[in-house]
Amino acid sequence: MGRALSILAGALAVCSAAAGDLSVDYLAASTVALENPHDLKLSPDGRYLYVADVGNNRVAILDADTLELRGEFGADHQSGTHDVDFDARGRAYVADTHNNRVLIYTVDGLEARRIGQLEARIRGPEGVLAHPNGRIYVAGAWSGNVVAYDDGRVVAELKGLSAPHDLELARGGDIWLADAGNDRLLLLSPDLEIKRELGGADYEFDGVRYLDLTVQGTIIAADKNNHVVKFIDAGGRLLRVLGDGRPGKGPNRFRTPEGVEISGSWLWLADSGNDRIVKYRIEE
């Protein structure tokens, strides 16, 4: 607790000068029964949130506006579901973590049909990215690596990581990775070469998990063990810390936050320890 509060004090000092650059307003929280929800992804048509509902071993489909439950899939064959992404064809890729695989589904409305899987050289996948280049990138949290697949074949691999989690598309086709066990974010090339690192005293991450980026390139990262969400601009400046560093429940309070999804002015966060999804409006 002492570390979290000291981190927060330093972060707020940095953020105070930038307060006019970014506004974040709480709107609502879900009431549907979720258990330890992790990452979440907006459907290609923008109508639904696909939530990796870890404790219920499923993907829960929520109305993106009201946060009400509209459907679900996977509970009969998934275990420890952690992440979801969609490719350009609208197929869903789901990190089926405890089964050491990524499952592939076709999606029609609220119905999903399993059509394949990826499993080579990964254990405990907790992050998946369907890249516009056609490759599927998977972060193996238990195997400490990131693997790139092209048409199901491994074409690149980055080893030596510690509990890597989310993978999100950056400008120019690069990839941001949350290397959670090493308390840092890494910018990777499509061939998985490390180009940049954000970590250390400037950010004081403690188990940074999932993230997303605004159209301006601002990173929004769930800093799980600090119970906060951090906003970092494209130049690497810490803009804002959402949360006070103490686990709690309510507007701008979190308990071990995980998932992040941004679309325009709308931001959704998985407040995992409180078993809920919260919605915000942001302006840059």
Filtered residues of segment 151-173 (kept if touching a strand residue (DSSP E or B) at 6+ places or on another chain (Cβ under 6 Å) and surrounded by 15 or more Cβ atoms within 10 Å (Cβ to Cβ)):
ALA156, GLU157, LEU158, LEU161, PRO164, HIS165, ASP166, LEU167, GLU168, ALA170
Output the residues belonging to segment 181-196 that are touching a helix residue (DSSP H, G or I) at 6+ places or on another chain (Cβ under 9 Å) and among the charged types (D, E, K, R).
ASP183, ARG184
Looking at the structure I just gave you, is GLY200 free of Cβ contacts under 8 Å to residues at least 24 places away in the same chain and at positive phi?
yes
Does GLU258 meet the test of being at pLDDT 95 or above, surrounded by 15 or more Cβ atoms within 10 Å (Cβ to Cβ), assigned to a loop (DSSP other than H, G, I, E, B) and touching a Phe, Trp or Tyr at 6+ places or on another chain (Cβ under 8 Å)?
yes
Within segment 220-248, restricting attention to residues that are assigned to a loop (DSSP other than H, G, I, E, B) and out of contact with any Ser or Thr (no Cβ under 8 Å at 6 or more places or on another chain), which residue is farthest from VAL278 (Cα to Cα)?
GLY235
Of everything in segment 219-233, what is under 18 Å from GLY259 (Cα atoms) and either in contact with a His (Cβ under 8 Å, 6 or more places away or on another chain) or surrounded by fewer than 21 Cβ atoms within 10 Å (Cβ to Cβ) (or both)? Give them in sequence order.
ASN225
Could you grab me the full set of residues in segment 188-202 that are in a strand (DSSP E or B) and buried (at least 18 other Cβ atoms within 10 Å of the Cβ)?
LEU188, LEU198
Quick one: ALA139 ticks every box in (1) surrounded by fewer than 17 Cβ atoms within 10 Å (Cβ to Cβ); (2) within 19 Å of TYR210 (Cα to Cα); (3) not acidic (Asp, Glu) except a single one, so which number is it?
(1)
In the list THR218, THR214, which residue meets the criterion of being out of contact with any Lys or Arg (no Cβ under 7 Å at 6 or more places or on another chain) and within 22 Å of ALA29 (Cα to Cα)?
THR214
Quick one: would you say LEU62 is surrounded by fewer than 20 Cβ atoms within 10 Å (Cβ to Cβ) and either over 19 Å from the mean Cα position of the chain (by Cα) or within 13 Å of LYS41 (Cα to Cα) (or both)?
no
Every listed condition ((1) within 16 Å of the chain's Cα centre (by Cα); (2) farther than 18 Å from ASP212 by Cβ) holds for ASN57 save (1)
Of the residues THR66, THR97, which single one is closer than 22 Å to ASP275 by Cα, in contact with a His (Cβ under 7 Å, 6 or more places away or on another chain) and among the polar types (S, T, N, Q)?
THR97
Number of the exception - ALA148 against (1) free of Cβ contacts under 8 Å to residues at least 40 places away in the same chain; (2) hydrophobic (A, V, I, L, M, F, W, C); (3) buried (at least 22 other Cβ atoms within 10 Å of the Cβ); (4) farther than 26 Å from ALA60 by Cα:
(1)
From (1) more than 18 Å from LYS230 (Cα to Cα); (2) assigned to a strand (DSSP E or B), pick out the condition that doesn't hold for LEU185.
(1)
If PHE205 meets every condition in (1) in contact with a helix residue (DSSP H, G or I) (Cβ under 6 Å, 6 or more places away or on another chain); (2) surrounded by 13 or more Cβ atoms within 10 Å (Cβ to Cβ); (3) part of a loop (DSSP other than H, G, I, E, B) apart from one, which number is that one?
(1)
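The values are calculated or read from the model by the stated rules, or taken from the named source; none is laboratory data. Please read all numbers here as calculations on a predicted model, not as lab measurements. Cβ coordinates were reconstructed from backbone atoms using ideal geometry, including for glycine residues, and neighbour counts include every protein chain displayed.
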